[in-house]
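Read the structure below first, then the notes.
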Amino acid sequence: MAVLEVLQYPDPRLKQVSALVTAFDAELQFFLADLEVTMRAGPGSVGIAAPQVNRFLRIAIVDVSSKPNIPQHGCLRLINPEIVQRTGEVKGREGCMSVPDYTGSVIRAQTVRVRAQDVSGQWHEYDCQGYEARALQHEIDHLDGLLFLDRVVSPRHDLFRRNR
Ligand SMILES: [Zn+2]
């Protein structure tokens, strides 16, 4: 397994729309393992999407289990994820491995129902809320070439430089 290089804003490749996964093979399994290792190498990371490591396929991993006492599903490995239902709106702070110098406050749905395939191609549905729902929406945005920076309403009030 290998920690992959993460593309950094303003790399134009981060704006690319990713393609559907059609091959559920050993290569996909190896790639998912590398993607997860890369996510865990980032301090405090709760998700990663394939285009962040220069692979333009609809694959994302979300794992918010490091945050105490919140509803969550453990490590979600999502192939071809789609949000099929959303309710509510809530503003919250986000960071991103591809935008290391900033965090930003972004409005997201409070709950989402996500439909996705697993590594063997089986479809599943997950009802997510709160922080996990936020992380999911953030990662699925990456598959459509969107960063949280694109959703910040007021850069002056909602963008924060990280102290590093
Ligand atoms: Zn991100």
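Values for this structure:
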{"read-out": "Among GLY95, ALA19, GLY47 - extreme Cα towards positive end, dipole of segment 1-146, charges at beta-carbon", "value": "GLY95"}
{"read-out": "Three-way shape label, segment 36-144, alpha-carbon gyration tensor, a/c 1.5", "value": "rounded"}
{"read-out": "Backbone N within segment 78-104 under 15 Å of label point (7 Å from TYR131 Cα along the Cβ vector)", "value": "92-96"}
{"read-out": "Percent accessible area from carbon and sulfur atoms, segment 41-152, protein chains only, probe 1.4 Å", "value": "44"}
{"read-out": "Max mean-square fluctuation residue, GNM over the chain, Cα-Cα springs under 10 Å, options PHE30, PHE148, PHE56", "value": "PHE30"}
{"read-out": "Extension gain (nm, one decimal) between ARG93 and GLU5, 0.36 nm per residue minus Cα-Cα", "value": "29.2 nm"}
{"read-out": "The chain: most fluctuating residue of LEU20, LEU143, LEU78 per GNM, C-alpha cutoff 10 Å", "value": "LEU20"}
{"read-out": "Local electrostatic count, ALA23, Cβ distance below 15 Å [Lys/Arg +1, Asp/Glu -1]", "value": "-1"}
{"read-out": "Candidates ILE79, ILE140, ILE107, ranked by Gaussian network fluctuation over the chain, Cα under 10 Å, top entry", "value": "ILE107"}
{"read-out": "Estimated [θ] at 222 nm from DSSP helical runs (n ≥ 4, -39500 (n - 2.57)) normalised by residues in the chain, nearest 500", "value": "-6500 deg cm²/dmol"}
{"read-out": "Extension gain, ASP144 back to THR111 (0.36 nm per residue minus Cα-Cα distance, nm)", "value": "9.9 nm"}
{"read-out": "Longest site-free stretch - the chain; sites: GluC sites (Glu not before Pro), DSSP loop, at most 10 other Cβ within 10 Å", "value": "6-88"}
{"read-out": "Förster radius 45 Å - calculated FRET efficiency between HIS157 and TRP123 (Cβ-Cβ, nearest 0.05)", "value": "0.65"}
{"read-out": "Whether segment 20-91 is rounded, prolate or oblate, judged on the alpha carbon gyration tensor where a/c under 1.5 counts as rounded", "value": "oblate"}
{"read-out": "Inter-probe distance in nm under a simple model that places probes 7 Å from Cα toward Cβ, at LYS67 and ARG86", "value": "1.6"}
{"read-out": "Point-charge dipole on Cβ atoms (K/R +1, D/E -1) for segment 23-164, about Cα centre, debye to 20", "value": "620"}
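The values are calculated or read from the model by the stated rules, or taken from the named source; none is laboratory data. Everything numeric in this text was worked out from a predicted model, so none of it was measured. Because the Cβ atoms are built from the backbone with ideal geometry, glycine has one as well, and the counts that use them run over all protein chains shown. We work out accessible area using only protein heavy atoms, side chains counted, and drop any ligands, DNA or RNA first. Shrake-Rupley method; radii C 1.70, N 1.55, O 1.52, S 1.80 Å.
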